[in-house]
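Accompanying notes for the structure given below.
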Amino acid sequence: MKTLLPLIGALAALSSPVIAKPNDAKPEVSREPVVILVSIDGFRADYLDRGITPNLSALAAKGVSASMRPSFPSKTFPNHWALVTGKVPDRNGIIANGFEDPAHPGEKFTMSSDEPYWWDEAEPIWVTAEKAGIRTATMFWPGSNVAWGGTWVTEPWKEAVGGTRPSDWQQYNRAVSPAQRVNAVLDWLRRPAATRPKLVTLYFDDVDTAGHHYGPDDAHTNAAVTEVDSDIGKLVAGLRELGQAANVIVVADHGMAAVSSERSIALDQVADPALYKAGDTGPFAALTPTEGNDAKLAAVLLKQHDHMQCWRKQDIPARLHYGRNPRIAPYFCLAETGWMINATKPDKPSTGGAHGFDNAAPEMAALFIASGPAFAADRKLAAFDNVDVAPLLRDLLGLPQATDGDGDDAPFKPVLKAK
Ligand code: AMP
Ligand code: ZN
Ligand code: ZN
(Lines give C-alpha, C1' and ligand atoms only; values in the text may rest on other atoms or scores of the structure.)
(Ligands and ions follow the chains in the order given, each with its own letter.)
Protein backbone atom coordinates (compact mmCIF):
# COMPACT_ATOMS: atom_id res chain seq x y z
CA MET A 1 0.00 0.00 0.00
CA LYS A 2 2.73 2.36 1.06
CA THR A 3 4.50 1.93 -2.30
CA LEU A 4 1.39 2.93 -4.26
CA LEU A 5 0.98 6.28 -2.53
CA PRO A 6 3.33 8.33 -4.74
CA LEU A 7 1.62 6.94 -7.84
CA ILE A 8 -1.85 7.81 -6.53
CA GLY A 9 -0.56 11.27 -5.69
CA ALA A 10 0.83 11.74 -9.18
CA LEU A 11 -2.43 10.58 -10.80
CA ALA A 12 -4.44 12.91 -8.61
CA ALA A 13 -2.19 15.78 -9.63
CA LEU A 14 -2.81 14.98 -13.30
CA SER A 15 -6.59 14.80 -13.10
CA SER A 16 -7.35 17.60 -10.65
CA PRO A 17 -7.09 21.23 -11.65
CA VAL A 18 -3.98 23.10 -10.64
CA ILE A 19 -4.71 24.90 -7.40
CA ALA A 20 -3.70 28.47 -7.92
CA LYS A 21 -1.83 30.41 -5.29
CA PRO A 22 -3.93 33.35 -4.08
CA ASN A 23 -1.86 35.76 -6.18
CA ASP A 24 -2.35 33.82 -9.43
CA ALA A 25 -6.10 33.69 -8.94
CA LYS A 26 -6.42 37.45 -8.75
CA PRO A 27 -7.68 38.84 -12.07
CA GLU A 28 -5.40 41.42 -13.61
CA VAL A 29 -6.52 44.77 -12.22
CA SER A 30 -6.77 46.61 -15.49
CA ARG A 31 -6.16 45.17 -18.91
CA GLU A 32 -5.14 47.83 -21.40
CA PRO A 33 -7.68 48.01 -24.26
CA VAL A 34 -6.59 46.28 -27.45
CA VAL A 35 -7.48 47.14 -31.05
CA ILE A 36 -9.07 44.33 -33.07
CA LEU A 37 -9.47 44.92 -36.81
CA VAL A 38 -11.92 42.42 -38.27
CA SER A 39 -12.51 42.00 -42.00
CA ILE A 40 -15.60 40.25 -43.32
CA ASP A 41 -14.73 39.84 -46.99
CA GLY A 42 -17.52 40.99 -49.31
CA PHE A 43 -19.89 42.17 -46.54
CA ARG A 44 -21.90 44.80 -48.42
CA ALA A 45 -22.84 47.79 -46.25
CA ASP A 46 -26.58 47.17 -46.52
CA TYR A 47 -26.38 43.54 -45.34
CA LEU A 48 -26.40 45.15 -41.90
CA ASP A 49 -29.98 46.37 -42.54
CA ARG A 50 -31.38 42.90 -43.24
CA GLY A 51 -32.29 42.16 -39.62
CA ILE A 52 -30.20 38.96 -39.60
CA THR A 53 -27.13 40.17 -37.69
CA PRO A 54 -27.95 40.52 -33.96
CA ASN A 55 -24.31 40.66 -32.86
CA LEU A 56 -23.06 43.13 -35.48
CA SER A 57 -26.15 45.27 -35.00
CA ALA A 58 -25.54 45.33 -31.23
CA LEU A 59 -21.93 46.42 -31.85
CA ALA A 60 -23.17 49.16 -34.17
CA ALA A 61 -25.73 50.29 -31.58
CA LYS A 62 -23.03 50.46 -28.91
CA GLY A 63 -20.67 52.27 -31.24
CA VAL A 64 -20.29 53.85 -34.66
CA SER A 65 -21.36 52.58 -38.07
CA ALA A 66 -21.12 53.78 -41.66
CA SER A 67 -21.24 52.77 -45.26
CA MET A 68 -17.60 52.83 -46.34
CA ARG A 69 -16.32 53.53 -49.86
CA PRO A 70 -13.75 50.99 -50.99
CA SER A 71 -10.78 52.10 -53.07
CA PHE A 72 -10.71 51.37 -56.77
CA PRO A 73 -10.61 48.63 -57.97
CA SER A 74 -13.09 47.12 -55.50
CA LYS A 75 -11.16 43.85 -55.20
CA THR A 76 -9.92 41.95 -52.17
CA PHE A 77 -6.16 42.44 -52.12
CA PRO A 78 -6.04 46.10 -53.24
CA ASN A 79 -8.58 47.03 -50.55
CA HIS A 80 -7.19 45.02 -47.68
CA TRP A 81 -3.85 46.68 -48.41
CA ALA A 82 -5.50 50.13 -48.61
CA LEU A 83 -7.18 49.57 -45.23
CA VAL A 84 -3.89 48.84 -43.43
CA THR A 85 -1.59 51.21 -45.36
CA GLY A 86 -3.87 54.24 -45.80
CA LYS A 87 -2.93 54.45 -49.49
CA VAL A 88 -5.04 53.78 -52.57
CA PRO A 89 -4.03 50.80 -54.74
CA ASP A 90 -2.37 53.08 -57.33
CA ARG A 91 0.03 54.15 -54.56
CA ASN A 92 0.12 51.05 -52.34
CA GLY A 93 1.32 48.81 -55.19
CA ILE A 94 -1.35 46.09 -54.90
CA ILE A 95 -3.23 47.30 -57.96
CA ALA A 96 -5.31 44.12 -58.49
CA ASN A 97 -5.57 40.55 -57.21
CA GLY A 98 -3.29 39.51 -60.07
CA PHE A 99 -0.88 41.62 -62.13
CA GLU A 100 2.57 41.84 -63.70
CA ASP A 101 5.33 44.38 -63.15
CA PRO A 102 7.78 45.64 -65.78
CA ALA A 103 10.40 45.71 -63.00
CA HIS A 104 10.01 41.93 -62.56
CA PRO A 105 9.68 40.55 -66.09
CA GLY A 106 8.29 37.04 -66.39
CA GLU A 107 6.80 37.08 -62.89
CA LYS A 108 3.20 37.43 -61.86
CA PHE A 109 1.65 38.62 -58.61
CA THR A 110 -1.04 36.25 -57.36
CA MET A 111 -3.00 36.05 -54.11
CA SER A 112 -0.31 33.74 -52.74
CA SER A 113 2.72 35.91 -53.59
CA ASP A 114 4.85 36.33 -50.46
CA GLU A 115 7.89 37.97 -52.04
CA PRO A 116 8.37 41.28 -50.18
CA TYR A 117 9.03 43.31 -53.36
CA TRP A 118 5.38 43.09 -54.42
CA TRP A 119 4.32 44.65 -51.14
CA ASP A 120 6.97 47.26 -50.38
CA GLU A 121 5.30 50.33 -51.95
CA ALA A 122 3.38 51.00 -48.71
CA GLU A 123 4.00 50.13 -45.07
CA PRO A 124 1.18 48.27 -43.27
CA ILE A 125 0.08 49.38 -39.79
CA TRP A 126 1.43 46.25 -38.08
CA VAL A 127 4.94 47.08 -39.32
CA THR A 128 4.63 50.70 -38.12
CA ALA A 129 3.37 49.38 -34.78
CA GLU A 130 6.07 46.71 -34.38
CA LYS A 131 8.76 49.30 -35.19
CA ALA A 132 7.30 51.48 -32.41
CA GLY A 133 7.46 48.56 -29.94
CA ILE A 134 3.73 47.77 -30.13
CA ARG A 135 3.10 44.05 -30.37
CA THR A 136 0.80 42.87 -33.18
CA ALA A 137 -0.81 39.56 -34.17
CA THR A 138 -2.64 38.69 -37.38
CA MET A 139 -5.19 35.93 -37.76
CA PHE A 140 -5.01 36.27 -41.56
CA TRP A 141 -5.00 39.46 -43.63
CA PRO A 142 -3.61 39.81 -47.16
CA GLY A 143 0.08 40.67 -46.85
CA SER A 144 0.37 39.83 -43.15
CA ASN A 145 2.51 36.76 -43.84
CA VAL A 146 5.04 38.86 -45.78
CA ALA A 147 8.41 39.77 -44.22
CA TRP A 148 7.79 43.42 -45.08
CA GLY A 149 10.88 45.27 -46.28
CA GLY A 150 12.85 42.02 -46.45
CA THR A 151 14.91 40.70 -49.36
CA TRP A 152 13.83 37.69 -51.39
CA VAL A 153 16.53 35.08 -51.96
CA THR A 154 16.30 31.86 -53.98
CA GLU A 155 19.40 30.03 -52.64
CA PRO A 156 19.70 27.68 -50.78
CA TRP A 157 15.92 27.89 -50.89
CA LYS A 158 13.27 30.52 -51.61
CA GLU A 159 12.71 32.72 -48.59
CA ALA A 160 12.63 36.28 -47.35
CA VAL A 161 15.64 37.49 -45.40
CA GLY A 162 15.15 40.27 -42.88
CA GLY A 163 12.04 42.40 -42.92
CA THR A 164 9.28 42.81 -40.33
CA ARG A 165 6.30 40.58 -39.69
CA PRO A 166 3.65 40.77 -36.98
CA SER A 167 4.98 39.12 -33.77
CA ASP A 168 2.36 36.42 -34.38
CA TRP A 169 1.04 35.63 -37.86
CA GLN A 170 -0.45 32.74 -39.78
CA GLN A 171 0.00 31.53 -43.34
CA TYR A 172 -3.40 31.85 -45.05
CA ASN A 173 -5.43 28.67 -45.08
CA ARG A 174 -9.13 28.71 -45.98
CA ALA A 175 -9.61 25.41 -44.13
CA VAL A 176 -9.06 27.03 -40.72
CA SER A 177 -12.66 27.42 -39.51
CA PRO A 178 -14.07 30.78 -38.41
CA ALA A 179 -14.41 29.43 -34.84
CA GLN A 180 -10.74 28.42 -34.81
CA ARG A 181 -9.81 31.91 -36.01
CA VAL A 182 -11.80 33.53 -33.20
CA ASN A 183 -10.29 31.13 -30.65
CA ALA A 184 -6.77 31.93 -31.85
CA VAL A 185 -7.41 35.64 -31.24
CA LEU A 186 -8.83 34.97 -27.78
CA ASP A 187 -5.85 32.74 -26.95
CA TRP A 188 -3.46 35.54 -27.88
CA LEU A 189 -5.36 37.89 -25.58
CA ARG A 190 -5.26 35.35 -22.73
CA ARG A 191 -1.49 35.81 -22.56
CA PRO A 192 0.26 37.81 -19.85
CA ALA A 193 0.55 41.53 -20.61
CA ALA A 194 4.18 41.30 -21.78
CA THR A 195 3.37 39.01 -24.74
CA ARG A 196 -0.23 40.03 -25.37
CA PRO A 197 -0.76 41.82 -28.70
CA LYS A 198 -2.17 45.37 -28.77
CA LEU A 199 -3.25 45.21 -32.40
CA VAL A 200 -4.93 42.10 -33.76
CA THR A 201 -6.42 41.36 -37.18
CA LEU A 202 -9.04 38.72 -37.92
CA TYR A 203 -10.35 37.76 -41.38
CA PHE A 204 -13.45 35.86 -42.56
CA ASP A 205 -13.99 34.77 -46.19
CA ASP A 206 -17.34 32.93 -46.26
CA VAL A 207 -19.66 35.89 -46.97
CA ASP A 208 -17.64 36.76 -50.10
CA THR A 209 -17.64 33.15 -51.28
CA ALA A 210 -21.43 32.83 -50.88
CA GLY A 211 -21.92 36.24 -52.55
CA HIS A 212 -19.95 35.08 -55.62
CA HIS A 213 -21.74 31.73 -55.94
CA TYR A 214 -25.30 32.81 -55.21
CA GLY A 215 -25.39 36.58 -55.60
CA PRO A 216 -25.98 39.23 -52.92
CA ASP A 217 -29.75 38.66 -52.65
CA ASP A 218 -29.81 34.90 -52.17
CA ALA A 219 -30.80 33.01 -49.00
CA HIS A 220 -27.40 31.24 -49.00
CA THR A 221 -25.65 34.60 -48.77
CA ASN A 222 -27.95 35.62 -45.90
CA ALA A 223 -27.08 32.33 -44.17
CA ALA A 224 -23.34 33.12 -44.51
CA VAL A 225 -23.99 36.61 -43.11
CA THR A 226 -25.81 35.15 -40.10
CA GLU A 227 -23.05 32.59 -39.60
CA VAL A 228 -20.30 35.20 -39.52
CA ASP A 229 -22.46 37.29 -37.21
CA SER A 230 -22.44 34.39 -34.74
CA ASP A 231 -18.63 34.27 -34.99
CA ILE A 232 -18.55 37.97 -34.06
CA GLY A 233 -20.82 37.05 -31.14
CA LYS A 234 -18.23 34.44 -30.03
CA LEU A 235 -15.49 37.05 -30.20
CA VAL A 236 -17.47 39.57 -28.14
CA ALA A 237 -18.47 36.93 -25.56
CA GLY A 238 -14.86 35.72 -25.29
CA LEU A 239 -13.60 39.26 -24.71
CA ARG A 240 -16.22 39.79 -22.02
CA GLU A 241 -15.26 36.54 -20.30
CA LEU A 242 -11.61 37.59 -20.33
CA GLY A 243 -12.42 41.05 -19.05
CA GLN A 244 -10.56 42.37 -22.08
CA ALA A 245 -11.62 45.83 -23.21
CA ALA A 246 -11.28 46.24 -26.95
CA ASN A 247 -11.84 48.78 -29.67
CA VAL A 248 -13.29 46.47 -32.30
CA ILE A 249 -13.31 47.79 -35.88
CA VAL A 250 -15.29 45.59 -38.27
CA VAL A 251 -14.80 46.36 -41.96
CA ALA A 252 -15.36 44.83 -45.36
CA ASP A 253 -13.07 45.23 -48.36
CA HIS A 254 -15.94 45.82 -50.84
CA GLY A 255 -19.58 44.92 -51.48
CA MET A 256 -21.15 42.61 -54.07
CA ALA A 257 -23.25 43.17 -57.22
CA ALA A 258 -25.55 40.64 -58.86
CA VAL A 259 -24.19 39.42 -62.21
CA SER A 260 -25.58 37.15 -64.91
CA SER A 261 -24.38 35.59 -68.16
CA GLU A 262 -27.14 37.72 -69.74
CA ARG A 263 -25.05 40.81 -68.94
CA SER A 264 -21.77 39.95 -70.59
CA ILE A 265 -19.45 41.93 -72.86
CA ALA A 266 -17.42 39.54 -75.03
CA LEU A 267 -13.98 41.09 -75.46
CA ASP A 268 -13.20 39.11 -78.60
CA GLN A 269 -16.16 40.84 -80.28
CA VAL A 270 -14.81 44.27 -79.36
CA ALA A 271 -11.19 43.73 -80.39
CA ASP A 272 -9.35 41.03 -82.32
CA PRO A 273 -7.66 38.90 -79.58
CA ALA A 274 -4.44 39.06 -81.61
CA LEU A 275 -4.21 42.76 -80.71
CA TYR A 276 -3.94 42.35 -76.94
CA LYS A 277 -2.93 40.27 -73.98
CA ALA A 278 -5.61 40.36 -71.27
CA GLY A 279 -4.66 40.40 -67.59
CA ASP A 280 -7.68 40.50 -65.31
CA THR A 281 -11.14 40.17 -66.88
CA GLY A 282 -14.52 40.44 -65.14
CA PRO A 283 -15.81 43.76 -63.75
CA PHE A 284 -12.77 45.29 -65.44
CA ALA A 285 -10.23 44.22 -68.04
CA ALA A 286 -6.54 45.14 -68.08
CA LEU A 287 -5.15 44.97 -71.60
CA THR A 288 -1.62 45.18 -73.00
CA PRO A 289 -1.26 45.59 -76.79
CA THR A 290 0.76 42.94 -78.55
CA GLU A 291 3.94 44.04 -80.35
CA GLY A 292 3.23 46.77 -82.91
CA ASN A 293 -0.54 46.80 -82.29
CA ASP A 294 -0.96 49.79 -79.98
CA ALA A 295 -2.64 52.06 -82.55
CA LYS A 296 -4.99 49.32 -83.77
CA LEU A 297 -6.01 48.45 -80.23
CA ALA A 298 -6.53 52.14 -79.37
CA ALA A 299 -8.77 52.54 -82.42
CA VAL A 300 -11.17 49.77 -81.35
CA LEU A 301 -11.12 50.37 -77.60
CA LEU A 302 -11.20 54.14 -77.31
CA LYS A 303 -14.72 54.68 -78.54
CA GLN A 304 -18.22 54.32 -77.14
CA HIS A 305 -19.26 50.84 -76.03
CA ASP A 306 -22.48 49.54 -74.54
CA HIS A 307 -22.11 48.88 -70.79
CA MET A 308 -18.34 49.45 -70.78
CA GLN A 309 -15.83 52.28 -70.89
CA CYS A 310 -12.19 51.96 -71.94
CA TRP A 311 -9.29 54.33 -71.39
CA ARG A 312 -5.56 54.60 -71.83
CA LYS A 313 -4.30 54.19 -68.27
CA GLN A 314 -3.28 57.85 -68.05
CA ASP A 315 -6.83 58.92 -68.99
CA ILE A 316 -8.73 56.92 -66.34
CA PRO A 317 -11.03 59.44 -64.56
CA ALA A 318 -9.23 61.18 -61.70
CA ARG A 319 -11.90 60.23 -59.15
CA LEU A 320 -10.85 56.58 -59.46
CA HIS A 321 -7.24 57.46 -58.43
CA TYR A 322 -5.91 54.75 -60.70
CA GLY A 323 -3.50 54.65 -63.63
CA ARG A 324 -0.12 56.02 -62.52
CA ASN A 325 1.37 52.82 -61.16
CA PRO A 326 3.70 51.03 -63.67
CA ARG A 327 2.00 47.77 -62.68
CA ILE A 328 -1.25 48.90 -64.34
CA ALA A 329 -1.61 47.72 -67.95
CA PRO A 330 -1.65 50.39 -70.74
CA TYR A 331 -5.39 49.98 -71.49
CA PHE A 332 -8.16 49.59 -68.95
CA CYS A 333 -11.86 48.84 -69.51
CA LEU A 334 -14.49 49.08 -66.75
CA ALA A 335 -17.90 47.42 -67.03
CA GLU A 336 -21.12 49.07 -65.92
CA THR A 337 -21.96 47.74 -62.44
CA GLY A 338 -23.55 44.30 -62.80
CA TRP A 339 -22.03 43.63 -66.24
CA MET A 340 -19.01 41.42 -66.85
CA ILE A 341 -16.22 41.69 -69.41
CA ASN A 342 -15.44 38.14 -70.54
CA ALA A 343 -12.79 36.96 -73.00
CA THR A 344 -15.55 35.28 -75.04
CA LYS A 345 -19.34 35.00 -74.80
CA PRO A 346 -20.27 32.69 -71.87
CA ASP A 347 -21.16 29.24 -73.24
CA LYS A 348 -23.68 28.42 -70.52
CA PRO A 349 -26.07 30.46 -68.42
CA SER A 350 -24.96 31.53 -64.96
CA THR A 351 -25.85 33.97 -62.20
CA GLY A 352 -23.97 35.05 -59.09
CA GLY A 353 -22.13 38.03 -57.71
CA ALA A 354 -19.00 40.03 -58.47
CA HIS A 355 -17.05 43.07 -57.31
CA GLY A 356 -14.29 45.17 -58.82
CA PHE A 357 -16.71 47.78 -60.22
CA ASP A 358 -16.70 51.57 -59.79
CA ASN A 359 -15.98 52.14 -56.10
CA ALA A 360 -18.72 54.80 -55.94
CA ALA A 361 -21.42 52.26 -56.91
CA PRO A 362 -23.77 51.61 -53.94
CA GLU A 363 -23.39 47.86 -54.54
CA MET A 364 -19.66 48.15 -53.79
CA ALA A 365 -20.16 49.96 -50.46
CA ALA A 366 -18.53 48.14 -47.55
CA LEU A 367 -19.40 47.53 -43.91
CA PHE A 368 -17.86 49.71 -41.19
CA ILE A 369 -18.52 49.35 -37.46
CA ALA A 370 -16.34 50.66 -34.63
CA SER A 371 -17.16 49.92 -31.02
CA GLY A 372 -15.26 50.12 -27.76
CA PRO A 373 -14.08 52.50 -25.06
CA ALA A 374 -12.64 54.97 -27.60
CA PHE A 375 -15.94 55.46 -29.43
CA ALA A 376 -19.19 57.28 -28.76
CA ALA A 377 -22.35 55.14 -28.74
CA ASP A 378 -25.07 54.79 -31.35
CA ARG A 379 -23.64 57.12 -33.98
CA LYS A 380 -23.94 56.90 -37.75
CA LEU A 381 -21.23 58.50 -39.87
CA ALA A 382 -21.52 59.82 -43.41
CA ALA A 383 -19.77 57.65 -46.03
CA PHE A 384 -15.97 57.93 -46.02
CA ASP A 385 -13.05 56.39 -47.94
CA ASN A 386 -11.42 53.21 -46.67
CA VAL A 387 -7.97 54.87 -46.72
CA ASP A 388 -9.20 56.75 -43.61
CA VAL A 389 -9.14 53.53 -41.56
CA ALA A 390 -5.34 53.36 -41.18
CA PRO A 391 -5.23 56.91 -39.73
CA LEU A 392 -7.98 55.87 -37.27
CA LEU A 393 -5.91 52.83 -36.23
CA ARG A 394 -2.90 55.12 -35.70
CA ASP A 395 -4.98 57.29 -33.37
CA LEU A 396 -6.17 54.26 -31.41
CA LEU A 397 -2.61 52.92 -31.06
CA GLY A 398 -1.07 56.30 -30.23
CA LEU A 399 1.04 56.30 -33.39
CA PRO A 400 1.82 59.58 -35.18
CA GLN A 401 -0.05 60.20 -38.43
CA ALA A 402 1.74 59.38 -41.68
CA THR A 403 2.68 62.40 -43.78
CA ASP A 404 2.19 60.72 -47.17
CA GLY A 405 -1.13 58.89 -46.74
CA ASP A 406 -4.21 59.27 -48.97
CA GLY A 407 -6.71 59.51 -46.10
CA ASP A 408 -7.05 61.11 -42.69
CA ASP A 409 -8.85 60.66 -39.40
CA ALA A 410 -11.23 63.62 -39.90
CA PRO A 411 -14.39 61.45 -40.33
CA PHE A 412 -13.87 59.96 -36.85
CA LYS A 413 -13.06 63.13 -34.93
CA PRO A 414 -16.72 63.70 -33.90
CA VAL A 415 -17.10 60.16 -32.50
CA LEU A 416 -13.72 59.58 -30.83
CA LYS A 417 -13.76 60.16 -27.09
CA ALA A 418 -10.98 62.29 -25.68
CA LYS A 419 -8.33 60.09 -23.99
P1 AMP B 1 -11.74 37.92 -54.48
O2 AMP B 1 -11.28 37.08 -55.61
O3 AMP B 1 -11.32 39.34 -54.67
O4 AMP B 1 -13.16 37.75 -54.16
O5 AMP B 1 -10.90 37.38 -53.22
C6 AMP B 1 -11.48 36.65 -52.16
C7 AMP B 1 -10.68 35.44 -51.85
O8 AMP B 1 -9.38 35.81 -51.39
C9 AMP B 1 -11.28 34.63 -50.72
O10 AMP B 1 -12.01 33.53 -51.23
C11 AMP B 1 -10.10 34.17 -49.91
O12 AMP B 1 -10.01 32.76 -49.82
C13 AMP B 1 -8.88 34.74 -50.63
N14 AMP B 1 -7.92 35.25 -49.66
C15 AMP B 1 -8.17 36.09 -48.65
N16 AMP B 1 -7.07 36.35 -47.92
C17 AMP B 1 -6.07 35.68 -48.51
C18 AMP B 1 -4.68 35.54 -48.22
N19 AMP B 1 -4.13 36.17 -47.19
N20 AMP B 1 -3.95 34.76 -49.04
C21 AMP B 1 -4.54 34.14 -50.10
N22 AMP B 1 -5.83 34.21 -50.41
C23 AMP B 1 -6.61 34.97 -49.62
ZN1 ZN C 1 -12.91 40.54 -51.06
ZN1 ZN D 1 -14.76 38.22 -53.84
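The values are calculated or read from the model by the stated rules, or taken from the named source; none is laboratory data. What you see is a predicted model, and the numbers here were worked out from it, not measured in a lab. Glycine gets a Cβ as well: all are built from the backbone with ideal geometry, and neighbour counts include every protein chain shown. Each accessible area value is taken on the protein alone, full model and side chains, heavy atoms only, with ligands, DNA and RNA left out. Shrake-Rupley method; radii C 1.70, N 1.55, O 1.52, S 1.80 Å.
In a fully extended conformation the segment linking ALA298 and ALA179 would gain 37.8 nm over its present Cα-Cα distance, using 0.36 nm per residue.
Counting only whole DSSP H helices of the chain, the ones at least 30 Å long by C-alpha along their axis and with mean Kyte-Doolittle hydropathy no lower than 0.0 are 219-242.
The relative contact order of segment 262-349 comes to 43 percent, based on Cα pairs under 8 Å that sit 6 or more residues apart. Computing FRET efficiency as 1/(1 + (r/R0)^6) for ARG50 and GLU155, where r is the C-beta to C-beta distance and R0 is 35 Å, gives about 0.05. Beta bridges per DSSP, both residues in the chain: antiparallel share near 60 percent.
The mean sequence distance of close C-alpha pairs (under 8 Å, at least 6 residues apart), as a share of the length of the chain, puts its relative contact order at 28 percent.
Taking every protein chain into account, the 1.4 Å probe leaves HIS321 with about 100 Å² of accessible area, to the nearest ten. The overall shape of segment 262-349 is oblate: from the C-alpha gyration tensor, with semi-axes ordered a ≥ b ≥ c, the ratio a/c is 1.5 or greater and a/b is no larger than b/c.
Between ASP306 and ALA266, the contour length at 0.36 nm per residue exceeds the Cα-Cα span by 13.3 nm. Measuring nothing but how far apart in sequence close Cα pairs (under 8 Å, 6+ apart) lie, relative to its length, segment 173-284 scores a relative contact order of 26 percent.
Straightening the chain between LYS277 and LYS417 buys 45.2 nm, computed as 0.36 nm per residue apart minus the Cα-Cα spacing. For segment 129-283, the square roots a ≥ b ≥ c of the C-alpha gyration tensor eigenvalues yield an a/c of 1.5 or more together with a/b not exceeding b/c, which makes the shape oblate. Its Cα centre serving as origin, segment 120-266 has a Cβ charge dipole (Lys and Arg +1, Asp and Glu -1) of approximately 740 debye. Distance between the pseudo-spin-label points of THR351 and THR110 (7 Å out from Cα toward the beta carbon): 3.2 nm. Here the convex hull built on the C-alpha positions of segment 316-376 has a volume of 176 cubic angstrom per residue.
Dimensions of the chain based on its C-alpha atoms, expressed as ranges along the principal axes with the largest first, amount to 95, 55, 48 Å.
When the Cα convex hull of segment 66-143 is projected onto planes of every orientation, the mean area is 5.9 nm².
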